[in-house]
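I have placed the structure first, in the form of structure tokens, so that the comments after it can refer back to it.
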Amino acid sequence: MKYSANSVWENKDSYDIVIVGAGHAGCEAALASARLGFRTMLFTISIDSIAMMPCNPNIGGSSKGHLVREVDALGGEMGKVIDRTFIQSKMLNESKGPAVHSLRAQADKANYSRTMRKVLQAQENLDIRQMEVTDILSENGKVTGVQTYSGAIYRCKAIVLCTGTYLHARCIYGEVSTNTGPNGLQSANYLTESLKNLGIKMYRFKTGTPARIDGSTIDYSKMEEQKGDEFVVPFSFTTNPDDVQIDQVSCWLTYTNEKTHEIIRNNLDRSPLFSGMIEGTGPRYCPSIEDKVVKFSDKNRHQVFIEPEGIDTNEMYVGGMSSSLPEDVQYAMYRSVSGLENAKIVRNAYAIEYDCIDARQLKSTLEFKNIEGLFSGGQFNGSSGYEEAAAQGLIAGINAVRKLQGKEGIVIDRSQGYIGVLIDDLVTKESHEPYRMMTSRAEYRLLLRQDNADLRLSKIGYEVGLISEERYQRLLLKEEKIKKEIERVNKTNIGTSDEIQSLLKSLNSTPLISGIKLAELIRRPELNYDCLAPIDKDREELAYDIREQVNINIKYEGYIKRQQRQVEQFKKLENKIIPENIDYDDVSSLRIEAKQKLKEIRPLSIGQASRISGVSPADISMLLIYIQ
């Protein structure tokens, strides 16, 4: 669909960078750009939808919590805002190792959106405009501005596309199909054509959301109560932990049953997912309930989480039961679930289709390879999730600025952060479904823990200019304290006194036969740094986050060192840069498929080339010989 304004005119306000879309990616991109001193315009379909959560009302979760803390470590905003607006918080996977511990906070979604909007509105160098962008303007392969639905032209030097799920969006349940964006908001119907005219390859993806139920019609006595943590760990490294110890709301757990599954199976012919009415590809790791029933037919029940959408609403999110079934079937299936027998639907479940890009058209900086100054972030890049969006938006915003500064773009590699894994996967590997971050995708996850994100990435945030001098000095002091305490613990001798033996007995740990280093005791599976405090007479009073680092670094020292050696090998290949002007047709013995893939993606390094599907180890050997 092509839009031609009746009257085209040029807006005289001067902007350096334009951000298209004000979801989680657009907010981070706009704040990064403005905070770094560049005049920024943020366009949104609706100002009321800034930082909206159209699906699950939470931030974080397995691996996603890592991303939020990394965004915060780089100077982003998501962690700060969720710390101010959460209503329940939990550290997931605590029964497992620290590599997979991950924060998840239930949000008051309306308050989250309001709070982020206030941050944006108070930001110097940032203007917000409710208007649809219809065209990307360019000359000689370089962006020059955007045109809006009203015909206004805004000139700029760089653009960041953060359109989320709005492009040609279509919401569907049963036979009902409406050309709207999420939550019934206006879709963006004209920009796709402009992007295609620029030679950008587009995909059609799908995601979905469950119904919202009136909380007063739910029987919670039939469900398992899910409470938050007694001690809340904040997302942001700048948040005082004392400020987040609040009274929390409960979530609830129930299950589908055979009756639920029978209702779904009997109505599959009415599901647009199976009838062919839905064309887009959905997320493999967040399937609809009808998908689960078909693909996991051996399971007689599935978890259903009932989660509050906020303090000032009675709407409850039915996690685990996304659907695009007709409204009458939705009523039948939800009411078959224990505790929901009398449930009243406030908002129907629906699937949403939208246009997005093949992210292999992007450099690792998230700039389009063939369009200078055009950057892209968020679900528009073929990913899913608020956290993945925020991470990409932040990096795209930073690199748009660095482009204008004449500086090299920031690229976080796979050994530095989950953000690096996310972006590298998107720009290197072909994806035919919305990409979701998972801990299993990170090869060096013991090093990339959520607890040490500031130690890994805040130096980069400081170099970029998003981390203040004061915060950076606090980080250096924290590093020094951790180092000194680890050294002290490794040198501290523990004897066999009655006090020590008594403590070990109380902790179900084997008594000592002879003296031992304190570090060796900490390494015992049943012990840790904190529980040994009574017998550690020289211990200083240290903050929780420092004690946590000391404990993990001592307890997992051997594993950490082994992974560090693996990173050294990884870096060798990452540091072998492939010349930008290389002609792959000149590389003898490269297979045809490898040449095609290498020409298409044009990897930065041998390491990135080795991760491209269709490029074999033999191809890499030939490439290395050619470069050398």
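The values are calculated or read from the model by the stated rules, or taken from the named source; none is laboratory data. The model shown is predicted, which means the values in this text are computed figures rather than measured ones. Heads up, the Cβs are rebuilt from the backbone with ideal geometry, glycines too, and the neighbour counts pull from every protein chain shown. Just so you know, the surface numbers come from the protein's heavy atoms only, side chains and all, with ligands and any DNA or RNA stripped out. Shrake-Rupley method; radii C 1.70, N 1.55, O 1.52, S 1.80 Å.
Residues whose amide H comes within less than 5 Å of that of residue 382, counting only those at least five positions distant or on another chain, are 357 (H built at 1.01 Å from N in the peptide plane). For the stretch 218-266, which GluC sites (Glu not before Pro) are in a loop by DSSP, counting at most 15 other Cβ atoms within 10 Å? Those that pass, being in a loop and sparsely packed, are 230. With the simple model of a label 7 Å out from the Cα in the direction of the Cβ, residue 231 to residue 602 spans 5.2 nm.
For residue 92, the residues whose amide H sits under 5 Å from its own are 102, 103, 104, ignoring neighbours fewer than 5 places away on the same chain, with H placed 1.01 Å from N. Rounded to the nearest Hz, the phi-derived 3J(HN,Hα) couplings of the stretch 232-239 under the Karplus curve 6.51 cos²θ - 1.76 cosθ + 1.60 (θ = phi - 60°) are 8, 8, x, 6, 7, 6, 9, 7, where x marks glycine and proline. In order along the stretch 147-155, the phi-based Karplus estimate (6.51 cos²θ - 1.76 cosθ + 1.60, θ = phi - 60°) of 3J(HN,Hα) comes to 10, 9, 4, 7, x, 6, 10, 10, 7 Hz; Gly and Pro are listed as x.
About its Cα centre, the dipole of the chain is roughly 1260 debye, where the only charges are +1 on Lys and Arg Cβ and -1 on Asp and Glu Cβ. The convex hull drawn around the Cα atoms of the stretch 388-465, when projected onto a plane and averaged over every direction, covers 5.6 nm². Using the Kirkwood radius over Cα pairs, work out the Stokes-Einstein diffusion coefficient for the chain at 20 °C and 1.002 mPa s, in µm²/s as a whole number. For these conditions, the coefficient is 82 µm²/s.
Can you tell me which lysines have their Cα less than 21 Å from the Cα of residue 12? Leave out same-chain residues fewer than eight positions away. Qualifying lysines at Cα under 21 Å: 142, 157. Residue 144 label point, 7 Å along Cα→Cβ, cut-off 16 Å on backbone N: hits in the stretch 178-215? Of the residues in the stretch 178-215, 198 have backbone N under 16 Å from the label point off residue 144. Residues in the chain average 42 Å² of solvent-accessible surface per residue, probe 1.4 Å, ligands and nucleic acids excluded. What the Cβ-Cβ distance of residue 543 and residue 153 gives, at R0 = 45 Å and to the nearest 0.05, is a FRET efficiency of 0.30. Here the extension length gained between residue 313 and residue 526 equals 72.3 nm, from 0.36 nm per residue of separation less the Cα-Cα distance. Taking amide H as placed 1.01 Å from N in the peptide plane, residue 152 has its amide H under 5 Å from the amide H of 9, each at least 5 places away in sequence or on another chain. In this rough spin-label picture, where each label sits 7 Å from Cα along the Cβ direction, the residue 586-residue 561 distance is 4.6 nm.
For the set 403/459; 96/429; 407/478; 478/555, the pairs lying more than 26 angstrom apart at their alpha carbons are 96/429; 407/478. Residue-wise HN-Hα couplings along the stretch 424-429, as the Karplus relation 6.51 cos²θ - 1.76 cosθ + 1.60 with θ = phi - 60° gives them from phi, are 4, 4, 5, 8, 10, 9 Hz; Gly and Pro carry x. Split the accessible area of the chain by element, probe 1.4 Å, and carbon with sulfur accounts for 47%. Electrostatic bookkeeping for residue 500 treats Lys and Arg as +1 and Asp and Glu as -1; over the other residues with beta carbon under 14 Å from its beta carbon, the sum is 0. R0 = 30 Å: FRET efficiency of residue 463 with residue 124, Cβ-based, nearest 0.05? After rounding to 0.05, the efficiency reads 0.90.
Projected onto its three principal axes, the C-alpha set of the stretch 115-186 covers 45, 37, 20 Å, listed from the longest axis down. Applying 1/(1 + (r/R0)^6) with R0 = 22 Å to the Cβ-Cβ distance of residue 266 and residue 341, what FRET efficiency is obtained, to the nearest 0.05? Here the calculated transfer efficiency is 0.70.
Computed extension gain for residue 624 through residue 571, at 0.36 nm per residue and net of the alpha carbon distance, reaches 17.6 nm. Charged neighbours of residue 200, selected by a Cβ distance under 12 Å, balance to +1 (K, R count +1; D, E count -1). Count Lys and Arg as plus one, Asp and Glu as minus one, and take only other residues whose Cβ is under 12 Å from that of residue 580; the net charge is then +2.
Among the GluC sites (Glu not before Pro) found in the stretch 92-145, those both in a DSSP coil and sparsely packed, with 10 or fewer other Cβ atoms within 10 Å of their Cβ, are 124. Estimated purely from DSSP H runs of n ≥ 4, each contributing -39500 (n - 2.57), the mean residue ellipticity at 222 nm for the chain is -10500 deg cm²/dmol once divided by its residues. Fraction of C-alpha pairs exceeding 14 angstrom in the stretch 197-270: 80 percent, rounded to a whole number.
According to the square roots a ≥ b ≥ c of the eigenvalues of the Cα gyration tensor, what is the shape class of the stretch 356-403, taking rounded for a/c under 1.5, prolate for a/b larger than b/c otherwise, and oblate for the remainder? Oblate. For the stretch 158-294, the percent of C-alpha pairs falling in each 10 Å distance bin, counted from 0 to the bin holding the largest distance, reads 9, 25, 26, 25, 14, 2.
Residues of the stretch 430-470 with backbone nitrogen within less than 18 Å of a virtual label 7 Å along the Cα-to-Cβ line of residue 487, please, listed as ranges. Label zone hits: none. Of the residues 615, 590, 560, the one whose Cα sits farthest toward the positive end of the charge dipole of the stretch 546-628, with +1 on the Cβ of Lys and Arg and -1 on the Cβ of Asp and Glu, is 560.
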